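Here's the structure, in structure tokens; my notes come after.
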């Protein structure tokens, strides 16, 4: 219930708060004032106070925030207090890179299986997990209560695979394929479109260059 | 000059238009109406007309848009008509996965070199490019007019490396490290914070579950 009172704009900023609070915890910081957090995060102290007020009155004036408490509460809102069993579908370079990224496990994202459509990859182990074929997917998903699929297949295969995942009851797809997936309302999709991010960088680079040339005129 | 007339909101949508227009081109579609594009992209036709009006009067009523022309013009705005020499700094799993991703080359992002701080990796070839040590970076950047660095080092090494890149005149950093970089105004930074994307997915999953439980009550 608690989560519902929080606005979407605040939610979007939560992962960044979570990251900074995690770093403070690592540095054994117990309390931090909104002013100090503001300097670190480069947002205004009043923005921080407003955002964190959503988590109750734990930032008393003059006392600052209890770092561990806030970190834990934000973690709960983000659903990081429960284990999310997940699979990677697409064991190419990106899929294998994500499989090897252990930080996700620390946040409760537990990699249970890796799947691919290419028979050459069958049985090859990535971080101790053998790559399986899609024919094994329905049974595996049920048996392991898989919630999240990381979709790293090329775009020409990704759409069909998304349908298979949905048929087998996937709850959320973290989509790295360069397509927009058609999914029913009860399947969460979070896209990581790397090409589009690189294009945004390229746009900003062109724009800066153009302004710079204009300055010289 | 042309780019400056376009609002930021439109710019944010351009990579997606570019992707859809690219797919239409692959399918040999020469013209498309805003209504048909609207159905494909699931944005309103009036939004599309407004956005694409920035590129002149090439969407005459009844004739639709010239796909190739629009694709080319949007590509220019995004800076994809020129070659951007880039390097990867951090030859771990993610760095190697990005090195192997050939789609970037098609858009003019030319991978010229791969660097790491780990001497064990020196000389190992990824897609034919030998991994070099950071000591070679200043000369290499100058010699090859490197504009963009893809930063895929772990966060404890990324900040120092960003400084070295900036000292050597990098123009833009595509940052995959889970930190916010301190950079001067003339260095473009585009962040890909994968953990934060996964947390957003997790939040939406929790939220959906909670609403669903509420429904059942």
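The values are calculated or read from the model by the stated rules, or taken from the named source; none is laboratory data. It should be emphasised that the depicted structure is a prediction, and the values quoted were computed from it without experimental measurement. Quick reminder, even Gly has a Cβ in these numbers, built from the backbone with ideal geometry, and neighbours come from all protein chains shown.
Listing for the model above:
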{"quantity": "Subset of segment A:135-157 (residues that are assigned to a helix (DSSP H, G or I) and within 28 Å of residue B:199 (Cβ to Cβ))", "calculated": "A:137, A:140, A:141, A:142, A:143, A:155, A:157"}
{"quantity": "Hits in segment B:141-182 (condition: farther than 28 Å from residue A:38 by Cβ, surrounded by fewer than 23 Cβ atoms within 10 Å (Cβ to Cβ) and without any contact (Cβ under 8 Å) to a residue 40 or more places away in the chain)", "calculated": "B:142, B:143, B:164, B:167, B:168, B:169, B:171"}
{"quantity": "Residue that is modelled with pLDDT of 95 or more and within 23 Å of residue B:197 (Cβ to Cβ), where the choices are A:131, A:179, A:166, A:124", "calculated": "A:166"}
{"quantity": "Of residues in segment A:13-53 being in contact (Cβ under 8 Å) with a residue 40 or more places away in the chain and under 17 Å from residue A:103 (Cβ atoms), the one farthest from the other protein chains (Cβ to nearest Cβ)", "calculated": "A:25"}
{"quantity": "Residues within segment B:187-210 that are more than 7 Å from every other protein chain (Cβ to nearest Cβ) and over 21 Å from residue B:156 (Cα atoms), tallied", "calculated": "1"}
{"quantity": "Hits in segment A:170-185 (condition: touching a helix residue (DSSP H, G or I) at 6+ places or on another chain (Cβ under 7 Å) and facing another protein chain (nearest Cβ under 8 Å))", "calculated": "A:171, A:172, A:174, A:178"}
{"quantity": "Test for residue B:62: is it on the phi > 0 side of the Ramachandran plot and modelled with pLDDT of 90 or more", "calculated": "no"}
{"quantity": "Wholly within segment B:67-119, helices (runs of 4 or more DSSP H) carrying at least 2 residues that are assigned by TED's automatic domain parsing to the domain that holds residue B:25 and in contact with a helix residue (DSSP H, G or I) (Cβ under 9 Å, 6 or more places away or on another chain)", "calculated": "B:67-77"}
{"quantity": "Residue A:115 being crowded, with 19+ Cβ neighbours inside 10 Å and within 21 Å of residue B:16 (Cα to Cα)", "calculated": "no"}
